[in-house]
Amino acid sequence: MQPSKARTRRVTLRDVARAAGVSINTASRALNGKPDVSEATRARVQAVAAQLDYRPNQVARGLRQQKTATLGVVVADLANPFFAEVAEGIERTAATEGYSIILANSEENQHREEQAVRTLVERQVDGILITPTQQSEATVRYLMQRHVPFVLVARYFEGLDVPAVVNDDREGARLGVEHLITQGHREILFLNGPPYNSSAKLRLRGYQDALEAAGIPFRPSLVINTDARSSGGYAAIQQALASGVRFTAVACFSDYVSFGAIRALRQAKLRIPEDVAVIGYDDIDLAAIVEPALTTVHIAKTRLGQVAAHMLLGMIGSSSTDQPQVGLTVLPPQLVIRESS
């Protein structure tokens, strides 16, 4: 007969209070940062809690506060390092406030997005951060109807007054195209994202802004919409070359689109940047190590996630029963010049 293994009992708040010589209520208030506890008592309770390795029962706490200390995060394409960095910023910020996250990937599919959001709501997350596919407003309207706190990340819907944190996409595209123009380029091919995507709409405007400022006529034949993936950039360059349209530079919706474009240009025996200059958008880590290193527009991706998470946590902590209208927060872009332009 084998000896039974002793089970380690979970340390409770009652244990901490008893060891610190205070009431359970005082111990709770000391550990939760309430103001009506002396500093000496607070320090003693915290020291005892650390010594006993006390960890609050989040389930019980959630039942008492009607909160789960969990945030739902729905990203558009987890295979893209851009969204991985945004999610990292969200997770870091959530963790510092005692929240965990549940991550879902819509894969730029509206149906998957709606399913993910409904599942998160059923699991009673305290709020949701979402990069919408933007093929429909259905998901956002569902969250509004259910009064679930949410923040849009990286994209937003014009005409819907909902909280969102985005990059200044119009200015970022303008900076990139302006750089190409200063390098002497006037025939600039623009490989954009899906036309319903808010970032694609704004980056097209930025492209047009730069052309107009330089007195260069806008030519719709130099704009090709892609699926925002590497394969889309590859196919777009093949399409442009087959059509015979002239271009000496390519501005891309994303770094991933740029990678596909570079592959297609090389297959066509075109040198970068000697024959065709290329710029991307996002400044993911790979942009600095591809050959040649990619000129791109830098987005503070981790910061984007952090700001969005702070905004959502502020909404969750609001005493108002209505969702606060915190509006649109826009972060500035920065042009990073490397070897491809």
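Structure values in brief
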quantity: Counted residues, segment 103-117 - those being polar (S, T, N, Q) and under 19 Å from A87 (Cα atoms); calculated: 3
quantity: Search result, residues across segment 118-127 that are in a helix (DSSP H, G or I) and over 20 Å from A84 (Cβ atoms); calculated: R118, T119, V121, E122
quantity: Only one of I337, I316 that is more than 23 Å from D77 (Cα to Cα), in contact (Cβ under 8 Å) with a residue 24 or more places away in the chain, open to solvent by 60 Å² or more (accessible area, probe 1.4 Å) and not acidic (D, E); calculated: I337
quantity: Members of segment 90-107 found to be open to solvent by less than 50 Å² (accessible area, probe 1.4 Å) and within 19 Å of L143 (Cβ to Cβ), listed by number; calculated: I90, A94, Y99, I101, I102, A104, N105, S106
quantity: Every pair of residues 6+ apart whose Cβ atoms lie under 8 Å, when the first sits in segment 293-312 and is among the charged types (D, E, K, R) while the second is surrounded by fewer than 19 Cβ atoms within 10 Å (Cβ to Cβ); calculated: R303/L331
quantity: Any hit, segment 227-241, residues being of a type in the set (A, V, I, L, M, F, W, C) and either touching an Asp or Glu at 6+ places or on another chain (Cβ under 8 Å) or modelled with pLDDT under 95 (or both); calculated: yes
quantity: Qualifying residues in segment 268-279 (those that are touching a residue at least 60 places away in the same chain (Cβ under 8 Å) and not β-branched (V, I, T)) - the one farthest from R229 (Cα to Cα); calculated: P273
quantity: Those residues of segment 274-305 which are at pLDDT below 95 and of a type in the set (S, T, N, Q), in sequence order; calculated: none
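The values are calculated or read from the model by the stated rules, or taken from the named source; none is laboratory data. In this text, all values refer to a predicted model and were calculated from it rather than measured experimentally. Using ideal geometry, Cβ is built from the backbone for each residue, glycine included, and neighbour counts are taken over all protein chains shown. In case anyone asks, the SASA skips ligands and DNA or RNA and just uses the protein heavy atoms, side chains included. Shrake-Rupley method; radii C 1.70, N 1.55, O 1.52, S 1.80 Å.
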